[in-house]
Amino acid sequence: MEQELPIKLPDDFTLIRLQEVIRMTGLSRSSVYRLIGAGSFPQPVPLTDSQERSAPIGFLLSEVKDWVRQRLEARNGGVPPASV
């Protein structure tokens, strides 16, 4: 049986789910949604046309990485991190 190789997309085309966002940021689910509502966190991408509250969403990996990078810069007095 052949093993499928994972597709590697650039970060600005890679969607990650909420659980991965939580793992990357250390934020709780409610904190992520609170920051989204305040305009302080990347907006989610709807994965279906459903308007249901439980409809699946994703986040652009590049935007989440940028948010983390900004938090690190804020901590370091504006100095960018070596690599994230």
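Computed over the chain, the per-residue total of -39500 (n - 2.57) for DSSP H runs of n ≥ 4 gives a 222 nm mean residue ellipticity of -11500 deg cm²/dmol, rounded to 500. The residues of segment 1-42 expose on average 84 square angstrom of accessible surface per residue, using a 1.4 Å probe on protein heavy atoms.
Along the chain, the exposed loop sites are trypsin sites (Lys or Arg not before Pro) outside DSSP states H, G, I, E and B with at most 12 other Cβ atoms within 10 Å, and the longest stretch free of them is 9-52. Under a Gaussian network description of the chain, with springs only between Cα atoms under 10 Å, the residue in D49, D11, D66 that fluctuates furthest is D49. Applying a DSSP loop filter and a limit of 11 other Cβ atoms within 10 Å to the GluC sites (Glu not before Pro) in segment 40-84 leaves E52.
The values are calculated or read from the model by the stated rules, or taken from the named source; none is laboratory data. Just so we're clear, the structure is a prediction, and the values are computed from it rather than from any experiment. Heads up, the Cβs are rebuilt from the backbone with ideal geometry, glycines too, and the neighbour counts pull from every protein chain shown. Calculation scope for accessible area: heavy atoms of the full protein, side chains included, ligands and nucleic acids excluded. Shrake-Rupley method; radii C 1.70, N 1.55, O 1.52, S 1.80 Å.
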